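One structure is given below, encoded as structure tokens.
The values are calculated or read from the model by the stated rules, or taken from the named source; none is laboratory data. Values in this document were obtained by computation on a predicted structure and should not be read as measured data. Here the Cβ positions follow ideal geometry from the backbone for every residue, glycine too, while neighbour counts run over all protein chains shown.
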Amino acid sequence: MLKIIDLFSGCGGLSLGFQNAGFEILAAFDNWTPAINTYQANFHHDAIQLDLSDEGVIEILSAYNPEMIIGGPPCQDFSSAGKRNEETQRADLTIKFSEIVAILKPKVFIMENVGRIGITNTLKKSKVIFQKNGYGLSEVILNASLCGVPQARKRFFLIGILNEQDQVLDAYLKQNLSTTPLSVFEYLGNDLNIEHYYRHPRNYSRRAIFSIYEPSPTIRGVNRPIPKTYQFHANDTSTDLTKVRVLTAIERSYLQTFPKNFIFPSNNKADLEQMIGNAVPVKLAEYVAKAVISYLQEKRLTRIITPSNMLSQQLSFF
């Protein structure tokens, strides 16, 4: 199985999904102390605090000789919840990810981001860098609720295979999608001990009260209390606030499919909420990892049994 480094790793959702699928993670890198502390509390391999825009980064990363690079460059500048400004240092980190891949030349790379990145100039520039360096590209926006996550969260994945054609992974990325969204109840049962919960809307034209019998809305990096003056929305699933509450940060980590034994050492609520909200859902990462494995296994079999040697393969069975 290919050996991986994880760039912009956060607290480890992408790493854990790929590790669960059978890949070996060599090291993870992030520049936010709370995320690195959490990562180190849950994994045994290297987790290094590092500004990936610094000089000398290539020397540090190349020492691991990675066969695959995965990562989710900061998405706030592309998100519908952000300011949508590509002219920032954070947006430049997406280009930096591309440049690192182009220099280290892993066999495979996987870049994750919000769905909206697909229409940005930043992504266009990144794809040019990848293609000039020999990567065939496959891209997809996946709804996490169809990939084993009880959350209606849409995420973009760009996957590059060195010396391969474009779109080779398209079928693998879609072949195991569920036909129905996964609800919170189907994933957690009655573990939350409530049937309805509050998730603060971006504006009050949207509902804020949800049922466990549906996927949760996207887990964001903020988690506010129910306002005393809250006006009910027509689509709220309950109008009895005595039976509605805000989910805790740890409960929200369950909706991101982190296991219950995952350790969050920080006591800072704002850090916890941001860390959990920014993470890649573990089961979504695992879904993508398994799609890559299916491709690699089939590719390996195709190389072993080609038209020129099929006869010898058949004769060997007798």
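Overview of values
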item: Residue satisfying all of: in the stretch 268-309; among the hydrophobic types (A, V, I, L, M, F, W, C) and over 24 Å from the mean Cα position of the chain (by Cα); modelled with the lowest pLDDT among these; result: 305
item: Among the candidates 214, 195, residue that is surrounded by 15 or more Cβ atoms within 10 Å (Cβ to Cβ) and out of contact with any strand residue (DSSP E or B) (no Cβ under 8 Å at 6 or more places or on another chain); result: 214
item: Options 151, 167; residue that is crowded, with 21+ Cβ neighbours inside 10 Å and of a type in the set (S, T, N, Q); result: 151
item: Filter pass, residue 166 being of a type outside the set (S, T, N, Q) and under 22 Å from residue 17 (Cα atoms); result: no
item: Among residues of the stretch 156-171, those that are β-branched (Val, Ile, Thr) and over 29 Å from residue 278 (Cβ atoms), counted; result: 1
item: Count of residues meeting criterion [over 22 Å from residue 286 (Cβ atoms), of a type outside the set (Asp, Glu) and in a loop (DSSP other than H, G, I, E, B)] in the stretch 27-63; result: 7
item: Considering residues of the stretch 27-50 that are touching an Asp or Glu at 6+ places or on another chain (Cβ under 9 Å) and among the small types (Gly, Ala, Ser) only, the residue surrounded by the fewest Cβ atoms within 10 Å (Cβ to Cβ); result: 27
item: Strands (runs of 3 or more DSSP E) contained entirely in the stretch 102-169, each with at least 3 residues that are more than 19 Å from residue 92 (Cα to Cα); result: 135-143, 154-162
item: Residues that are surrounded by fewer than 15 Cβ atoms within 10 Å (Cβ to Cβ), in contact (Cβ under 8 Å) with a residue 24 or more places away in the chain and under 17 Å from residue 245 (Cα atoms), drawn from the stretch 178-192; result: 191
item: Residues of the stretch 131-152 that turn out to be touching a strand residue (DSSP E or B) at 6+ places or on another chain (Cβ under 8 Å), touching a residue at least 24 places away in the same chain (Cβ under 8 Å) and under 24 Å from residue 286 (Cβ atoms), as a count; result: 13
item: Pairs where the first residue, in the stretch 28-51, is outside the structural domain of residue 12 (by TED's automatic domain parsing) and modelled with pLDDT under 95 and the second is of a type in the set (Lys, Arg) and in a helix (DSSP H, G or I), C-beta under 7 Å, 6+ apart; result: none
item: Residue match in the stretch 5-26 (condition: surrounded by fewer than 18 Cβ atoms within 10 Å (Cβ to Cβ), assigned to a strand (DSSP E or B) and either outside the structural domain of residue 291 (by TED's automatic domain parsing) or not aliphatic (A, V, I, L, M) (or both)); result: yes
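Table: residues versus (1) among the β-branched types (Val, Ile, Thr); (2) buried (at least 22 other Cβ atoms within 10 Å of the Cβ); (3) modelled with pLDDT of 95 or more; (4) under 25 Å from residue 27 (Cβ atoms).
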residue: 60; (1), (2), (3), (4): yes, no, yes, yes
residue: 77; (1), (2), (3), (4): no, yes, no, no
residue: 87; (1), (2), (3), (4): no, no, no, no
residue: 90; (1), (2), (3), (4): no, no, no, yes
